[in-house]
């Protein structure tokens, strides 16, 4: 049920709503700015989850007359939007923490804060791992951004927990806003990392070298029929990948055979790079036989 992109997003929204309610109640009881920061971060997680759910539904729509390449880049836009939300959260936390330091706030019922942070850590660990697993299986950039976002809650909640324990046993209330600032700095770093990948999709950056190597391996399997390839171009839009290249055929191959080979190459690439759109331009060889391993009439007769 939760193994699909839509299912994982519904799980995310449900869990985050529960954490927000819990953190808001405990932050009100304790007066802890670090727990308020955690609640604000979870609220942004909720916004991000709603954005992701909407983006995944739009991105799943098939190509149409106005969008012949599909709607995959909606996921990249959602991922970048989440990164911006994380940046805003980090800035607000720092602003609030500095205000608490100058005012000299006091924390009450630190034990309740410790308990809610422990619950938040355990829940966030399992949720982020599940989201990352689904994002890798489906290639969803938006879900991956959510997984990174939730993962930050683990580290930030851990820092807040340590701070509350220190306050509980030492009475040093200033530790709470200081740790909130440390958490916010880390959140800002995660925001930059979260934005970077979807931006690469929006500007049509090529696929990673490991994925291009997979494409080249598929092409080399046909070295007996194909003289070579060139003009390989790749790009990504959300979970969809787009590949086009020129495939050089041997001199005596028929048009029907060339078409069949192109179909085989497309199927092989799609079997390893799911949701890939492959366009192949077939062209005749240039008679550079010394650089060719294919078998054709010219090589047999030479």
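The packing ranking of peptides 21-30, 213-222, highest mean first, is 21-30, 213-222, where packing means the average number of other beta carbon atoms within 10 angstrom of each residue. For the chain, the longest principal axis of the C-alpha atoms and the axis of helix 73-103 are separated by about 20°.
Of the listed peptides 54-61, 35-42, 78-85, what is their order by residue-averaged count of other C-beta atoms within 10 Å, with the highest listed first?
Working: 54-61: 18.8, 35-42: 26.5, 78-85: 23.1.
Order by mean packing, descending: 35-42, 78-85, 54-61.
Model label points for residue 64 and residue 25, set 7 angstrom from Cα along the Cα-to-Cβ axis, are 4.4 nm apart. Just to be sure I understand, if you calculate percent of Cα pairs over 31 Å apart for this structure, which of (1) 45; (2) 30; (3) 67 do you get? After the calculation, the listed value that fits is (1). Helix 255-272 and the long axis of the chain differ in direction by around 20°, with both axes built from C-alpha atoms. FRET efficiency for the residue 169 to residue 205 pair, using the beta carbon distance and R₀ = 35 Å, is estimated at 0.10.
In degrees from 0 to 90, rounded to the nearest 10, what is the angle of the helix 175-202 Cα long axis to the longest principal axis of the chain? Orientation of helix 175-202: about 20 degrees from the principal axis. Among beta bridges from DSSP that stay inside the chain, the antiparallel ones total about 50%. With contributions of -39500 (n - 2.57) from each DSSP H run of at least four residues, the per-residue ellipticity at 222 nm computed over the chain stands at -24000 deg cm²/dmol.
Our summary gives the chain a relative contact order of 18 percent, counting only alpha carbon pairs under 8 angstrom and 6 or more residues apart.
When a/c reaches 1.5 or more, the comparison of a/b and b/c decides; with that in mind, is the stretch 110-151 rounded, prolate or oblate per its Cα gyration tensor? Taking the square roots of the gyration eigenvalues as a ≥ b ≥ c, the stretch 110-151 is prolate.
Going by the alpha-carbon gyration tensor, a ≥ b ≥ c the square roots of its eigenvalues, is the stretch 168-284 rounded (a/c under 1.5) or, if a/c is not under 1.5, prolate (a/b greater than b/c) versus oblate? Verdict is prolate for the stretch 168-284.
Values quoted throughout were computed directly from the atomic coordinates according to the rules given, and no laboratory measurement underlies them. Every value quoted in this text rests on a predicted model; they were computed, and no experiment measured them. Reconstructed Cβ throughout: ideal geometry from the backbone, glycine too, with neighbour counts over all protein chains shown.
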